[in-house]
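Each remark here refers to the structure printed beneath this line.
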Amino acid sequence: MFVASLTNNVNWRHAKREPMMEEDRSAILIAESNDQRRAHLKQVLDRQHDLVTVDGGKSAWQQLTQGRFDAVVAGFDLREVSGVKLLAQTRAHAELRGVPFVLVADEASPIDPTTWQQVFEFGRSDILCSPINEHELLARVDSIIRRARVKNESADMLQRQKSRLQMALLASRMVAVEWDISADTVLYSENAIEIFGIKSLSDHATGPTARKLVHPDDIDTVEKTIRNTLQGSREFQTQFRIIRPDNGEIVWIEERGYVATDASGKPTKLIAVAVDITARRNAEQAIQEREHYLQAIFDTTPECIKVVKSDGTLTQMNAAGLKMIEANPTANVAGNSVYELIAPEFLDCFREFNERVCSGHSGVLEFDIIGLRGSRRHMETHAVPLSLTSGETVQLAVTRDITERKRSEATLRENERRFRALTQATSDIVFRMNADWSEMGMLEGRAFIDSTTEPSRSWLDHYFHPDDQTEVRKVVQNSVEKQSFYELEHRVIRIDGTLGWMHSRAVPILDDAGNVVEWFGAGTDVTERKQSEEFQHRATQTLLTVIEQSPLGIYLVDGDFKIAQVSLGAGPAFQNVQPVIGRDFEEVMHTIWPPEFASEAVRIFRHTLKTGEPYVSPGLTEKRKDLGETESYEWQVNRITLADGSYGVVCYFFDTTRLQQAADALRESEVRFRMLADNMSQLAWTCCDLGECNWYNQRWYEYTGCTFEEMQGWGWRQVHHPDHVDRVVERIQRAATAGEVWEDTFPLKGRDGQYRWFLSRAVPIRDEEGTIVRWFGTNTDVNELRETQQLLHDADRRKDEFLAMLAHELRNPLAPIRSGLDLLAIADDDEHRDVVRVMQEQVTHVVRLVDDLLDVSRIMRGKVELRKERIEFQSTVRKAIDAVRDVIESHGHSLTITLPEKTVWLEADPVRIVQVLENLLSNATKYMDGSGAIELSASVKNESLFIQIKDEGIGIDQEFLPNIFELFAQSDRSLDRSKGGLGIGLTLVKQLLEMHGGNIHAESDGLGKGSSFHIELPIASPPEPNQNVPLELQSDGQTRRIAVIDDNRGAVLLLSKLFEKLGAHEVHTANDGEAALKLIREVHPEIVLLDIGLPSLSGYEVAAAIRQDPQFDDILMVALTGYGQDQDRLKSEAAGFDEHLVKPPSIDQMRFVLAHPKLKPSGKGNGGQS
């Protein structure tokens, strides 16, 4: 069952829409909680409409308030908010009350009368019984939307017919009626009181009382309609009259409805909608009467009315039309073609226009016709499509003869053209104002200010600068009151938003009675003139300011030879002749200056005044008569024409007293500078731009023997050595670009043709703003210094070579000694064990002395590179202690160690830190008689590690303590020098700690009171968790094939024996390079210990030859040599060695070789003999 409610309020919030076409899809909101019914509604309506579907009342309301819909289809039983409540909310909303609304209910759920009453109160549109007929549903929904749109469009189209519109709106009101058949009761909607004229709804709430409203002549018709409906038709529509009880008026009612049945099909209710159609019935009668009236109008109107088919056939034309086409008034033109009347040049456009109108479009067209008698007339036709009952659409047109109007328009256009030409030639804008200037009728701004054709009352704010509006109102008021000419210059807001100036004029236009009807005005752009005047005014003011504030002195002498003007800058010159204005110029000059100069100045002024010849002074330095002080001036005089046309003389002068004094001082300074520069030992020169010399001192000319003409600019390059000049020029240009100090060393050729080396330097000289104004440079003779440096360098190189050779020669004999002692140490000989131990200690001591000697030499020359890594301090201490533990114990000393519990990390070279600690512990052991205690402690404070090594030894002399870390420094601790040493250990310790960013100092209370050494090192953050930690290498105990190669046969023998003692290793030997190469290729050893300084082929050459053959890549190549400097290690690495060991090798180093990670698990190599 469908009950529709449509408001008659036409003020929808939706945009105005054109009449619905087939392709026009409406927006419909479907709100239905029943899934099946919602899907069915969507399926039916989606064919022709755009849908939005929701399943609840709240979401439907949200869509309504946010979207735009042409209609709403909603169920009675919506969730959250029922359909009736949703309808009530919609009708209560100011912007939504006009939306067509359809409520949907299931036929199985009858609607109670109260709900019906609520629905009827809101108005409805249609009723449709279930089951839903798809075609009828579409038709009725379209009808609802169409009627709503028609109402909306009627409000605009029928504005001039208010009374008729109001009648139509009142007539559209409907009364909902529900008759309960069994109870014989009738329910009405509230508006029944107004429509039916009853006092209350209860007065006619039964069948009999309702029948009393029906006109007696129509009761039978009504009852017959009800009987037919109850018997089977189920739906009905009828028209009948009622008699209003309140005033007795007869009202025509159209009632449409249907029968509601129970489950058995028995009729239970008659539901209907009654509409007051009195106005429509009256209108139908009026239409019949109006047809006669319209026919009379058609026949008597002075304008042509015609009906034309789409093919151009005339079907009807009134008398005025027959006259226009020059036809006989009684002629019948029906059936003739209208195209025969159209002028040929308009025929195509008229044909297209006619076809367009007949296809449903209104329009207006101007064209020419040629009458039946041959005269041409210009026509304007207004045509609309007219649908006939046959279904055909024809053109209904009203055509006017506008020939005279077109002629008038042409005349008007010509006059307008002439008028515009005149105003364009004389003005930049034109405008019209009403009589009291309260409204501007039009303004043509011609790209100067905004044009407008619409009347405007805000013209003053829109066009005029706010500061000028008061003056404009004042002038306008005066012109209006006096009906006089308006004229004013004022500022306007131009079309680009900037300000401009306009000269406006307006004259009043009077009627025949002398009253002002409007004002016509024009304006001229005077912006450039006003800007020029403003510029001139500012320029004059600026010039006066410049004159007054100028550092120049300016004064004017008029034609009477009196001082007329004096600037502020000239005031001090006339300080003793005040007031000076109006004073005689000659008198003033003789007051200030001595007679001779005063007379000369007066003569010059009179000459210039008479002849106009200007005078420029070459400069003046004179002692003033009035002040007794010497002053200097630069001045000139010129004749000028004064405002009254007479001549005067203006004097410009500048006080150069200070400049003159500065120039004198500068000349004296220049003399002193040149004396100093010419007598200094260095060559000196200056440049404006670095490289382009503009001055040399005398020493330069004396050395080079060249003249300034030869040397100026870049001429100095000719005395440079050709091997160096390009480099020098490039560095000079780089320094000039960067504005930095230039320094270089190069040879310069003297006048004797010989080159000497000079240290050259140039510095930029800058002004107060930092800009380089010149460069000053010198060349210092360093020839003897370079020769001395070369001698020292050669001596240093020879010393390094000597130390390296000394170390090599000392290490070579130590190698077999250490190997032999290592053999004895591991032998089962308890009788000589102490002897062997002492000898091993002495060998270690000699090795350390050699290493320290080389290390300190390299450190002092900065040739030692630290190999820093993140190391654990506690483990580093343990390594140092392990190295000296045996020595400490052999001397009977005790060692106490106190270290931080928390791990301390250092960024350091682990070998060098161990070396430092080992050196200090060895000294503590060596310089302590008898049994004593040694303490090593460490603590962390303020991101630093503090280490202390303390002993109870012989102490340090207070006088020697400050020099203890100096190279080769030794205290006379004993006469027999039983402790030994070269005096380089502590120097080495200090240098290594400083290279790590640390420091060391010693403390002692004197001889016999022990000593302590205090170290400070920066600590580092812990390493990353995944950082690899080096592992101690241990031999796997497997048998290895080893080749020992050295030209020292004793060293070879003892080292071979040592390997045999360390395991059942297979040892092969050789004593020169060629034998070594042959041995390695034949035996393919796993390990090769190779001396570098071999006969025939060096160890480097042997290693390089072996590495060229890929089959020997698995061999562990170990360089065993007396050369241990960094460059030696780099050479061995480049030759292909895996390790570099310095002689004499220790047994621990040999164990390291046997445990090297490169060695394969198997005990034999891949090639050679087994």
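The values are calculated or read from the model by the stated rules, or taken from the named source; none is laboratory data. These numbers were taken from a predicted model, which means no experiment stands behind them. All Cβ positions, glycine included, derive from the backbone under ideal geometry; neighbour counts span all protein chains shown.
Each row is one residue, and each column tells you yes or no for (1) under 24 Å from Leu1007 (Cα atoms); (2) among the small types (Gly, Ala, Ser).
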position	(1), (2)
Lys902	no, no
Glu907	no, no
Leu920	yes, no
Gly930	yes, yes
Leu936	yes, no
Ser939	no, yes
Gly955	yes, yes
message: Which condition from (1) modelled with pLDDT of 90 or more; (2) under 18 Å from Tyr1123 (Cβ atoms) is the one that Val1067 breaks?
response: (2)
task: Could you list, in sequence order, all residues of the stretch 1127-1156 that are more than 23 Å from Ser1098 (Cα to Cα) and of a type in the set (Lys, Arg)?
output: Arg1151
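Quick grid of which residues meet (1) at pLDDT 90 or above; (2) in contact with a Cys (Cβ under 8 Å, 6 or more places away or on another chain); (3) surrounded by 15 or more Cβ atoms within 10 Å (Cβ to Cβ); (4) over 30 Å from Gly360 (Cβ atoms):
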| site | (1), (2), (3), (4) |
| --- | --- |
| Phe2 | no, yes, yes, yes |
| Pro19 | no, no, no, no |
| Ser33 | no, no, yes, yes |
| Gln63 | yes, no, yes, yes |
| Ala74 | no, no, yes, yes |
| Ala92 | no, no, no, yes |
- prompt: Do we have Gly75 as closer than 11 Å to Ala31 by Cα and in contact with a helix residue (DSSP H, G or I) (Cβ under 9 Å, 6 or more places away or on another chain) here?
  reply: yes
message: Which pairs turn up if I take residues in the stretch 988-1003 that are in the same structural domain as Asp951 (by TED's automatic domain parsing) and look for partners that are hydroxyl-bearing (Ser, Thr, Tyr) and surrounded by fewer than 20 Cβ atoms within 10 Å (Cβ to Cβ) with beta carbon separation below 7 Å, at least 6 apart in sequence or on another chain?
response: Glu1003/Ser1012
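Only one residue in Val602, Val588, Val650 is buried (at least 16 other Cβ atoms within 10 Å of the Cβ), in the same structural domain as Lys562 (by TED's automatic domain parsing), touching a residue at least 40 places away in the same chain (Cβ under 8 Å) and under 14 Å from Phe561 (Cβ atoms). Which one?
Numbers: Val602 fails: touching a residue at least 40 places away in the same chain (Cβ under 8 Å); Val588 fails: touching a residue at least 40 places away in the same chain (Cβ under 8 Å).
The conditions single out Val650.
Yes or no, residue by residue, for (1) within 20 Å of Ser1012 (Cα to Cα); (2) without any contact (Cβ under 8 Å) to a residue 60 or more places away in the chain:
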residue	(1), (2)
Val877	yes, no
Ala883	no, yes
Ile888	yes, yes
His891	yes, yes
Trp905	no, no
Pro910	no, yes
Val914	yes, yes
message: Being exposed (fewer than 12 other Cβ atoms within 10 Å of the Cβ) and not small (Gly, Ala, Ser) is the requirement here; does Glu743 meet it?
response: no
message: Among (1) modelled with pLDDT of 90 or more; (2) closer than 21 Å to His1156 by Cβ, there is one condition Val1052 misses while meeting the rest; what is its number?
response: (1)
statement: In the stretch 1094-1125, anything assigned to a loop (DSSP other than H, G, I, E, B), surrounded by 15 or more Cβ atoms within 10 Å (Cβ to Cβ) and without any contact (Cβ under 8 Å) to a residue 40 or more places away in the chain is listed as Leu1097, Ser1098
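Run down Arg37, Arg47 and say which single residue is surrounded by fewer than 19 Cβ atoms within 10 Å (Cβ to Cβ), at pLDDT below 85 and farther than 30 Å from His361 by Cβ. Talk me through it step by step, then tell me what you get.
Working: Arg47 fails: farther than 30 Å from His361 by Cβ.
Unique residue meeting the criteria: Arg37.
Name the residue, out of Gln1034, Gln1038, that is part of a loop (DSSP other than H, G, I, E, B), modelled with pLDDT under 85 and either on the phi > 0 side of the Ramachandran plot or in contact with a Pro (Cβ under 9 Å, 6 or more places away or on another chain) (or both). I'd like the intermediate steps shown before the answer.
Details: Gln1034 fails: either on the phi > 0 side of the Ramachandran plot or in contact with a Pro (Cβ under 9 Å, 6 or more places away or on another chain) (or both).
Exactly one residue qualifies, and that residue is Gln1038.
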- prompt: When only residues in the stretch 436-479 that are modelled with pLDDT under 90 and among the aliphatic types (A, V, I, L, M) count, which is surrounded by the fewest Cβ atoms within 10 Å (Cβ to Cβ)?
  reply: Ala447
query: Does Glu340 meet the test of being acidic (Asp, Glu) and either farther than 16 Å from Val307 by Cβ or touching a Cys at 6+ places or on another chain (Cβ under 8 Å) (or both)?
result: yes
